[in-house]
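The values are calculated or read from the model by the stated rules, or taken from the named source; none is laboratory data. What you see is a predicted model, and the numbers here were worked out from it, not measured in a lab. All Cβ positions, glycine included, derive from the backbone under ideal geometry; neighbour counts span all protein chains shown.
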């Protein structure tokens, strides 16, 4: 009897050991996914971040947790998200330090991106060093093409300057634009777009009569706008950040600058832009993007409605949807990989196709090839797609109506 008991205990030990080998997750149990971000909650970048990324990050976390979390096969269950958010104060150096803190001290599982091209470029080497996927919804940089091989963890959602520039040039050719005033903020976004589009305009036979940069947050641009008005150009083309976009619109009306085409950049697609100036005043103003709830992609209308319900404001018609689509992409990549192993998730991101509110996201190298449109225009209270031509939701209004 003692021998039977002895062998029975041995059998139980062997069985328990076999179970431990087969299901080691018990030794590495996990009850949440820790996600962090360092983003501008104050300072000059906070307007853009507060419109395009922060609300979408918060809403996505809430929605995922309401579903019980992200399904991770490795753990055999859904894992809710714990979310850490730090304020960069719109300072790139601070952003770098906070990203390192999130990785080394907080030991987050994943990082969400900061706002803006310059900040994302500054933190990209850190994301890459520690193998954290960076899905950037507010990054546009041609320089990255030369360094794509060095940043395998960087994925960019927005159209690049070459795609944006090509659509603008083709639209200008179609509209008979011959003379342009080209102005830009002296930041990475404005510089890169200008460097791409200026020679493309020349090749198309469109003359750049005025070329001028200015520091972000410049308080008064009326002297420049008066100079542009006196030049009688066909189009104002501005690669601007939100403070500049709002200022130029206001001061252009004051000085009576109203060319056939009036194009500014980041901020034009914000509902707060239409809200501040009114639908009549922004009628005919063009800007980059573009996305609206009428694009033919599953979930677009529903996302728009959820955003309005949650925040009592509309998402902007450009980067908001791309920010949310980037989160959808990350969630799908985690579930497809079935693990929180960031290297495996990176491989899924690099090779997969992900249905989102902006369409089927797929990365060619680090660049998303999907875009609902490149140029938008405010028409009757909606930011319609006017370029590329084959993506149009409305014909462009030219000349731009007079300021009311």
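Only one residue in 398, 385 is under 30 Å from residue 278 (Cβ atoms), in contact with a helix residue (DSSP H, G or I) (Cβ under 6 Å, 6 or more places away or on another chain) and assigned to a loop (DSSP other than H, G, I, E, B), so which one is that?
398
Output the residues belonging to the range 348-377 that are touching a strand residue (DSSP E or B) at 6+ places or on another chain (Cβ under 9 Å), closer than 22 Å to residue 193 by Cα and assigned to a strand (DSSP E or B).
363, 367, 368, 375, 376, 377
Provide a single number: the residues in the range 277-289 that are outside any loop (DSSP other than H, G, I, E, B) and either within 20 Å of the chain's Cα centre (by Cα) or buried (at least 16 other Cβ atoms within 10 Å of the Cβ) (or both).
So the count comes out to 6.
For residue 201, state whether it is touching a helix residue (DSSP H, G or I) at 6+ places or on another chain (Cβ under 7 Å), crowded, with 20+ Cβ neighbours inside 10 Å and outside any helix (DSSP H, G or I). I'd like the intermediate steps shown before the answer.
Working: touching a helix residue (DSSP H, G or I) at 6+ places or on another chain (Cβ under 7 Å): yes; crowded, with 20+ Cβ neighbours inside 10 Å: yes; outside any helix (DSSP H, G or I): no.
Here the answer is no, as residue 201 does not meet what is asked.
Return the total of residues in the range 361-379 being surrounded by fewer than 18 Cβ atoms within 10 Å (Cβ to Cβ) and in contact with a helix residue (DSSP H, G or I) (Cβ under 6 Å, 6 or more places away or on another chain).
Of the residues in that region, 1 qualify.
Would you check which residues across the range 83-108 are under 26 Å from residue 148 (Cβ atoms) and crowded, with 19+ Cβ neighbours inside 10 Å and list them?
Of everything in the range 83-108, those that are under 26 Å from residue 148 (Cβ atoms) and crowded, with 19+ Cβ neighbours inside 10 Å turn out to be 88, 95, 98, 99, 102, 108.
Here are some residues: 258, 292. Which one is surrounded by fewer than 20 Cβ atoms within 10 Å (Cβ to Cβ), touching a residue at least 60 places away in the same chain (Cβ under 8 Å) and closer than 23 Å to residue 377 by Cα?
Answer to the check: 258.
Please go through the range 170-189 and give me each residue that is on the phi < 0 side of the Ramachandran plot, free of Cβ contacts under 8 Å to residues at least 60 places away in the same chain and not in a strand (DSSP E or B), ordered by number.
Answer for the range 170-189, where residues must be on the phi < 0 side of the Ramachandran plot, free of Cβ contacts under 8 Å to residues at least 60 places away in the same chain and not in a strand (DSSP E or B): 173, 178, 186.
Taking the residues in the range 116-139 that are more than 20 Å from residue 363 (Cα to Cα) and within 15 Å of the chain's Cα centre (by Cα) as candidates, determine which candidate is surrounded by the most Cβ atoms within 10 Å (Cβ to Cβ).
Result: 119.
Among the numbered criteria (1) within 21 Å of residue 270 (Cβ to Cβ); (2) crowded, with 16+ Cβ neighbours inside 10 Å; (3) at pLDDT 90 or above, which single criterion is violated by residue 58?
(2)
Please identify the pairs in which a residue from the range 335-360 that is on the phi > 0 side of the Ramachandran plot and surrounded by fewer than 21 Cβ atoms within 10 Å (Cβ to Cβ) has its Cβ atom under 7 Å from the Cβ atom of a residue that is at pLDDT 95 or above and not in a helix (DSSP H, G or I), counting only partners at least 6 apart or on another chain.
Once the first residue is on the phi > 0 side of the Ramachandran plot and surrounded by fewer than 21 Cβ atoms within 10 Å (Cβ to Cβ) and sits in the range 335-360, its partners that are at pLDDT 95 or above and not in a helix (DSSP H, G or I) give 338/72.
Of the residues that make up the range 190-197, is at least one at pLDDT 95 or above, more than 24 Å from residue 322 (Cα to Cα) and surrounded by fewer than 17 Cβ atoms within 10 Å (Cβ to Cβ)?
no
A quick yes/no check of all residues on (1) part of a helix (DSSP H, G or I); (2) farther than 24 Å from residue 134 by Cα:
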{"residue": "257", "(1), (2)": "no, yes"}
{"residue": "265", "(1), (2)": "no, no"}
{"residue": "275", "(1), (2)": "yes, yes"}
{"residue": "294", "(1), (2)": "no, yes"}
{"residue": "304", "(1), (2)": "yes, yes"}
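Which of the following residues is outside any helix (DSSP H, G or I), on the phi < 0 side of the Ramachandran plot, touching a residue at least 12 places away in the same chain (Cβ under 8 Å) and out of contact with any strand residue (DSSP E or B) (no Cβ under 8 Å at 6 or more places or on another chain): 298, 315? Steps first, answer last, please.
On the way: 298 fails: out of contact with any strand residue (DSSP E or B) (no Cβ under 8 Å at 6 or more places or on another chain).
Being outside any helix (DSSP H, G or I), on the phi < 0 side of the Ramachandran plot, touching a residue at least 12 places away in the same chain (Cβ under 8 Å) and out of contact with any strand residue (DSSP E or B) (no Cβ under 8 Å at 6 or more places or on another chain) holds for just one of 298, 315, which is 315.
Looking at the range 140-172 only, could you name the residues that are crowded, with 21+ Cβ neighbours inside 10 Å and farther than 30 Å from residue 204 by Cβ?
153, 154, 155, listed by residue number.
If I filter the range 208-217 for residues that are buried (at least 24 other Cβ atoms within 10 Å of the Cβ) and outside any loop (DSSP other than H, G, I, E, B), do I get at least one hit? Write out each step before concluding.
If we filter the range 208-217 for residues that are buried (at least 24 other Cβ atoms within 10 Å of the Cβ), which is where we start, we get none.
No, the conditions are met nowhere in the range 208-217.
Only residues that are surrounded by 24 or more Cβ atoms within 10 Å (Cβ to Cβ) and in a loop (DSSP other than H, G, I, E, B): list them for the range 218-240, please.
Once the filter is applied, which keeps residues that are surrounded by 24 or more Cβ atoms within 10 Å (Cβ to Cβ) and in a loop (DSSP other than H, G, I, E, B), the range 218-240 yields only 240.
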